[in-house]
1. With the structure loaded, tell me whether Ala319 is assigned to a loop (DSSP other than H, G, I, E, B) and in contact with a strand residue (DSSP E or B) (Cβ under 7 Å, 6 or more places away or on another chain) or whether it fails that test.
2. Report, by residue number, each residue of the range 422-461 that is surrounded by fewer than 24 Cβ atoms within 10 Å (Cβ to Cβ) and within 24 Å of Ser29 (Cα to Cα).
3. Can you go through Ala319, Ala341 and tell me which one is under 24 Å from Ser228 (Cα atoms), touching a residue at least 60 places away in the same chain (Cβ under 8 Å) and over 22 Å from the mean Cα position of the chain (by Cα)?
4. So, in the range 278-315, how many residues would count as being of a type in the set (A, V, I, L, M, F, W, C), surrounded by fewer than 22 Cβ atoms within 10 Å (Cβ to Cβ) and farther than 30 Å from Asp415 by Cβ?
5. Counting only residues that are at pLDDT 95 or above and touching a Ser or Thr at 6+ places or on another chain (Cβ under 9 Å), how many does the range 35-52 have?
6. Quick one: would you say Gly297 is closer than 19 Å to Leu479 by Cα, out of contact with any strand residue (DSSP E or B) (no Cβ under 6 Å at 6 or more places or on another chain), touching a residue at least 12 places away in the same chain (Cβ under 8 Å) and assigned to a loop (DSSP other than H, G, I, E, B)?
7. Within the bounds of the range 421-428, is there any residue that is of a type outside the set (A, V, I, L, M, F, W, C), within 18 Å of the chain's Cα centre (by Cα), over 19 Å from Pro482 (Cβ atoms) and outside any loop (DSSP other than H, G, I, E, B)?
8. May I ask you to say which residue of Asp451, Asp474, Asp415 is closer than 20 Å to Leu348 by Cβ, touching a residue at least 40 places away in the same chain (Cβ under 8 Å) and assigned by TED's automatic domain parsing to the domain that holds Lys313?
Amino acid sequence: MIGNERRLSFVANTPLRQDLADIIAAMTSAIDPCSLMCNRLSLGQPAGQLRCDDKPVLVAGGDTLDFDRLNRIVVVGGGKAAGGFAAGLEALLGPQRLAQHRVTGLVSAPAGCGLSLATIEVRETRPGGVNLPTTAVVTATGEMLAMLSQLNSDDLAIVLITGGGSALLEAPVEGISLPLLTRTTQQLAAAGADITAINTVRRAASRVKGGGLAAACTARRLLAVVLSDVIGDDLGTIASGPCLPAAIDIDGLATLLADYGVLPVDREPLLEAARLATDSRPPASADSAGCWTTPAGCRVGHLLLGSNATAVKAAAAAAEACGYQVISTGTVTAPETANDAGSRLASLSHKLVAASEQDGQPRAVIEGGEATVVVPADHGRGGRNQQTVLAAAEDVLAAGRNWPAGLLFASFGTDGEDGPTSAAGGFIDTTVAATFKHQPAALSHAIDRCDAHPLLAAAGGLIETGPTGTNVADVRIMLMRPGRA
């Protein structure tokens, strides 16, 4: 976690940056997976019943989870926050129940998010900053499938699902190689495909996505505990829905692949393998809460413990504690490119500055979202948050204007990663903007090439935290404090 302020590269440089650091620290603490697990879940009565916010946790059929009536517990899952969830689960159960239920498990996490726990293995299966499955991911996922397939009816499976799980839980269907799958995913992302389109392909190509992981379970009950990095919190989209059944539309898949320029040499084998896999998948459907019963008779339930809204709410509260009047909060749900997000926020900044300069009151805008970036063939290094910051800077500084004194804008990836770079995002204030103003051509060129990282690094405008061990998409923060640098 980044609650330790020394992890933030810009801390203590200016009062405005300190405000930003305090807001980020409070926000990230609020979405800490271990804390969410321990603070929201409890074991009550009767029979050690699992409760969330003091209400019984249910799976399909209205079954409660009464731990005193359970035998073994197996924990599997994946994502950037999976290790923290696993630590919270062990703390919730305590040593006595860990032994009583012979708790074992394996979760897949990126480098930098590993933990040493008593009963659940947290295995680092992919490098940091590379959001693609690896052979280590496939190996770990195979072990999870084996664990789930060896349970008895009175056992319980708990699946920990968090952002980044699509790349950390993977078992390609027969006929699809891992290189083909990763190459296709990379091409879709570079072409500007949103998460819905990318996950449509991932589900079609995987034995575990679209409910496949839950379908392998031979216990009578399975609970999926979820931390959402998806705007709108669709359970079928988070980590590509390993515990939620999804129908595969082969004709729609073919159109999607063609629309995003996937060449026939890759498109045809992928479609053929997906068609064969789809024919063998038994039909199933879930209710709006994610409850359903697998063909093998396992009763599945989903429990969402945190989301982008959790981070936005915490950031807004922290901004208010710093003395800001928060005039706008929420999550942007409409599809938006990073360039468009930056331009929109630049326009909003003019109104924010004018209002604060008129009455002298500090104001803030806090919003969540997840923009897309269309990456050109000749591209540099950056990420959607850094790109958003540069786009905002270009619009504010247009026609030789100065950056308003007392204005700071930041865009931050809550997982500590922003594209294949060392940064979690970027920010701009008067000092950073002064660098950009003297090289407008370089600013425009960096935006066109998606090369934000070098420019922000040289200007001192990077937010660097390292992996935070959590992930609920992005948060953008705009602060205006008249007379404060």
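1. Taking the combined requirement at face value, the residue does not satisfy it.
2. Result: Ser422, single match.
3. Ala319
4. Residues meeting the conditions: 2.
5. Residues that pass the stated criteria total 6.
6. So Gly297 does not fit the description; no.
7. Narrowing the range 421-428 to residues of a type outside the set (A, V, I, L, M, F, W, C): 421-422, 425-426.
Still in the list and also within 18 Å of the chain's Cα centre (by Cα): 421-422, 425-426.
Checking which are over 19 Å from Pro482 (Cβ atoms) leaves us with 421-422, 425-426.
Now narrow it down to the ones that are outside any loop (DSSP other than H, G, I, E, B): 425-426.
There is at least one residue in the range 421-428 that is of a type outside the set (A, V, I, L, M, F, W, C), within 18 Å of the chain's Cα centre (by Cα), over 19 Å from Pro482 (Cβ atoms) and outside any loop (DSSP other than H, G, I, E, B).
8. Criteria check complete, one pass: Asp474.
The values are calculated or read from the model by the stated rules, or taken from the named source; none is laboratory data. This is a predicted model, so every value here is computed, not measured. Every residue, glycine among them, receives a Cβ derived from its backbone with ideal geometry; neighbour counts consider all protein chains shown.
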